[in-house]
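Quick notes on the structure that follows.
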Ligand code: SF4
Ligand code: SF4
Ligand code: FES
């Protein structure tokens, strides 16, 4: 990293606190070219306050652990360049919305993953290692629908962006439902019907208002809104089929 | 707030309403040609089984649709859940059904 020619500073507000509350602390951070939001947070932790708590691992957009609210919007901070999101010279960094806070910038991901399980987003194999391998045609429409969602990095950016999650804490949210849709379309998953039943409960896919914030913010450029729409369509047909 | 049954009830009631809305507007446009009088409207609707079924179905679909829609809004805005939310939805449904049925009876009977 090289210091900018005009060596500007950033005025950074960082949310400090825990589950019982908190407030913004203000730091002045030197501005570099090619600086990411995670670089800024790390600089503060290394030079201003070693007790600043935040989470990251891979720094290359693979692990999904570094998501925070940056200038009011959910972002993966390791791949978000400061110059893309800065407003004047001001940067505000807070924990992800819609999740409890553990401390400072580290949100508690438990509710997020509990909802993956509740949506039956857990792969259940349809065969054992002793059975012959299932042939999977990568070009089949069903497999293509499954493949669309498999690059999810579990970052919870979509979950944080979703206004329905904010208004309805029971709602399973875009990531868990996208995972469910992937499994519904995965021929190697045992029981698509049990997944469809799980997402048909109160708080399931039918609570989605199709705002599309999930798709607009997903850093992996996935389309959870489309996956939720797929679940709505499939469960609707299943519902009609049952009563026919 | 919604499970698949309520979701389907809301979609199907919307499906029922769509042609009825178009029919309602079409008849309105036709009816206002050359002035509009109470006698003219009642002359068309009173004692008519067709208009009784038309608006009776309309009222039923609206009651279902609105009760579920308001249920979602009440759940998301006021955080209502469980029994209070169900009672609220049922109250909306019954109120709309009664008001609507009263209007339908008034113009198709007597
Ligand atoms: S489309 Fe559905 S899941 Fe996505 S942000 Fe909107 S309400 Fe949430
Ligand atoms: S769908 Fe996108 S935004 Fe949501 S958890 Fe997966 S990668 Fe993150
Ligand atoms: S640190 Fe792994 S995705 Fe950002």
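If I filter the range A:194-209 down to residues being out of contact with any strand residue (DSSP E or B) (no Cβ under 9 Å at 6 or more places or on another chain) and closer than 16 Å to residue A:175 by Cβ, which single residue comes out as farthest from the other protein chains (Cβ to nearest Cβ)?
A:198
Pairs needed: first member in the range A:100-117, in contact (Cβ under 8 Å) with a residue 24 or more places away in the chain; second member anywhere, part of a helix (DSSP H, G or I); C-beta distance under 6 Å; at least 6 residues apart or different chains.
From residues that are in contact (Cβ under 8 Å) with a residue 24 or more places away in the chain, the pairs are A:112/A:159; A:115/A:176; A:116/A:176; A:116/A:179.
Select from the range A:150-163 the residues that are within 19 Å of residue A:206 (Cα to Cα) and surrounded by 24 or more Cβ atoms within 10 Å (Cβ to Cβ) and write down the one among them that is nearest to ligand 1 (Cβ to nearest atom).
Residue satisfying both the conditions and the ranking: A:162.
Here are some residues: A:219, A:169. Which one is surrounded by fewer than 21 Cβ atoms within 10 Å (Cβ to Cβ), within 14 Å of chain B (Cβ to nearest Cβ) and either under 17 Å from the mean Cα position of the chain (by Cα) or within 16 Å of ligand 2 (Cβ to nearest atom) (or both)?
Result of the check over A:219, A:169: A:169.
For the range A:166-244, please list each of the helices (runs of 4 or more DSSP H) lying entirely inside it that holds at least 3 residues being more than 21 Å from residue A:117 (Cα to Cα), modelled with pLDDT of 95 or more and more than 16 Å from ligand 3 (Cβ to nearest atom).
A:213-217, A:224-243
Being in a loop (DSSP other than H, G, I, E, B) and either in the same structural domain as residue A:223 (by TED's automatic domain parsing) or more than 16 Å from ligand 3 (Cβ to nearest atom) (or both) is the requirement here; does residue A:139 meet it?
Here the answer is yes, as residue A:139 does meet what is asked.
Every residue in the range A:231-244 that is surrounded by 14 or more Cβ atoms within 10 Å (Cβ to Cβ) and either away from ligand 1 (no atom under 12 Å from the Cβ) or assigned by TED's automatic domain parsing to the domain that holds residue A:75 (or both), please.
Scanning the range A:231-244 gives A:234, A:235, A:236, A:238, A:239.
Are any residues in the range A:74-104 in a loop (DSSP other than H, G, I, E, B) and within 16 Å of ligand 2 (Cβ to nearest atom), and if so, which ones?
A:80, A:95, A:96, A:97, A:98, A:99
So, in the range A:142-164, how many residues would count as being over 28 Å from residue A:211 (Cβ atoms) and within 16 Å of ligand 3 (Cβ to nearest atom)?
0
The values are calculated or read from the model by the stated rules, or taken from the named source; none is laboratory data. Please read all numbers here as calculations on a predicted model, not as lab measurements. Neighbour counts run over all protein chains shown; Cβ positions are idealised from the backbone, glycine included.
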